[in-house]
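Some notes on the structure that comes next.
The values are calculated or read from the model by the stated rules, or taken from the named source; none is laboratory data. Note that the structure is predicted; figures quoted are calculated from it, not measured. Methodologically, a virtual Cβ is constructed for each residue, glycine included, from the backbone with ideal geometry; neighbour enumeration extends over all protein chains shown. Only protein heavy atoms, including side chains, enter the accessible area calculation; ligands, DNA and RNA are left aside. Shrake-Rupley method; radii C 1.70, N 1.55, O 1.52, S 1.80 Å.
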Amino acid sequence: MALTHYEDFEPGIRLSLGPRPITMDEIVAFARQYDPQPMHTDPEAAKESLAGGLIASGWHSCGIVMRMIADGFILASTGQGAPGIEEVRWLRPVRPGDDLTLTVEVLERRPLRSRPEIGMVRFRMVLANGAGEDLLQQTNWVMFRRRDPRREAEAATSIAARGHQVATPDLPAARPSPDHARFLDDLVPGETASLGTYQFTPEEIVTFARAYDPQPFHVDAEAARRSLFGGLCASGWHTAAVWMKLMVAHWERQRQAALSLRLPVPSLGPSPGFRDLKWLKPVFAGDALTYAVRMVEARPSASRPGWGLVTQHSTAVNQNGEPVFAFTGTVMWQRAPAA
């Protein structure tokens with residue numbers, strides 16, 4: 001059955017996509033561009049990390065999921081993009097040689113009251129490897145055009161008992177973050193840091209989208225002008241990948257500052273996932289985004305001695321000061337060695 005319009009996405013529909021192999025070369029290529037941590041770029045160094053070997057960036061795995069659903073049904077549909085992601089859980093690493101399969105389930109749908117020609121469909125997606133192990137779970141809404149917007153608004157239909165409200169978390173009072181790397185035990189909730197500013201060029205928008213999110217409004221300027229967005233705009237996953245790029249550069253500056261002060265430098269581990277990611281406004285070609293991060297919580301890990309989990313709220317504003325991107329994520333962080 002062709003899934004083209006909002007009405008076609010009945011709750012309970014399940015799709016199986018793939019397999020899609022992943023190679024070491026593409027893992028390293030993505031990581032060098034957007035997430036240049038040794039566990040993603042250096043097979044030998046990765047062996048000494050918590051991952052125990054080379055693994056794909058979590059943002060790379062999200063891009064792969066996007067490409068699989070694009071090829072699987074989005075490009076043949078009236079899809080109009082997504083407002084954000086409720087949650088992504090990175091359960092196991094994606095490793096070179098994995099044959100990736102994706103299960104997509106329609107959970108619920110509802111018309112968009114502010115735009116009667118558009119409806120929202122909520123999906124659950126599970127990425128697995130060839131051994132049948134779940135690697136990633138993702139839940140989010142996608143917008144589709146309605147076949148007959150003149151119909152009276154239907155009641156929301158669902159196979160899920162719960163809805164989801166994306167809300168800005170209660171954040172601790174902001175305070176400047178010190179400019180050198182520290183162990184988890186020395187982190188203070190509320191510390192903030194600017195990650196820098198990044199300008200999105202048309203060429204880079206199209207290059208990223210062709211690889212991971214080739215919807216017309218990301219790859220074709222003329223088609224984009226006719227879309228809901230009104231102009232060529234970056235994939236939401238592109239804005240997230242750039243956040244990761246700037247975050248790694250920020251951490252490297254902090255690491256180098258600690259070394260210059262002859263201070264011990266902690267290690268960072270993989271992230272278990274993120275929640276409440278919001279794409280608040282389109283990022284158009286030429287836009288310059290300034291990214292920032294605020295510490296929300298730092299707590300020791302009950303299962304991994306010497307490590308803890310740090311929760312951070314990250315945001316980006318465009319050159320006009322308008323919020324365009326936000327999410328709350330978690331990363332593993334080394335604790336100070338016992339005296």
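Here are some notes:
- Exactly one residue out of Thr311, Thr328 is part of a strand (DSSP E or B), in contact with a Phe, Trp or Tyr (Cβ under 9 Å, 6 or more places away or on another chain) and either of a type in the set (Val, Ile, Thr) or touching a residue at least 40 places away in the same chain (Cβ under 8 Å) (or both): that is Thr328.
- Failed item in (1) open to solvent by less than 70 Å² (accessible area, probe 1.4 Å); (2) in a helix (DSSP H, G or I), with Arg20 passing the rest: (2)
Condition check ((1) under 16 Å from the mean Cα position of the chain (by Cα); (2) under 29 Å from Thr328 (Cβ atoms); (3) free of Cβ contacts under 8 Å to residues at least 24 places away in the same chain; (4) part of a loop (DSSP other than H, G, I, E, B)) across all residues:
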{"residue": "Leu50", "(1), (2), (3), (4)": "no, yes, no, yes"}
{"residue": "Ile55", "(1), (2), (3), (4)": "no, yes, no, yes"}
{"residue": "Ser61", "(1), (2), (3), (4)": "yes, yes, no, no"}
{"residue": "Gly72", "(1), (2), (3), (4)": "no, yes, no, no"}
{"residue": "Ala76", "(1), (2), (3), (4)": "no, no, no, yes"}
{"residue": "Arg110", "(1), (2), (3), (4)": "no, yes, no, no"}
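- For the criterion of being in contact with a Leu (Cβ under 7 Å, 6 or more places away or on another chain), aromatic (Phe, Trp, Tyr), within 22 Å of Leu277 (Cα to Cα) and surrounded by 16 or more Cβ atoms within 10 Å (Cβ to Cβ), Trp59 fails.
- Scan segment 248-297 for residues that are closer than 21 Å to Met332 by Cα, open to solvent by 30 Å² or more (accessible area, probe 1.4 Å) and touching a strand residue (DSSP E or B) at 6+ places or on another chain (Cβ under 8 Å) and the total you get is 12.
- Segment 184-199 residues that are at positive phi, paired with ones that are modelled with pLDDT of 95 or more (beta carbon under 9 Å, 6 or more apart): Gly190/Arg294; Gly190/Met295; Gly190/Val296; Gly196/Leu246; Gly196/Ala249; Gly196/His250; Gly196/Thr290; Gly196/Tyr291
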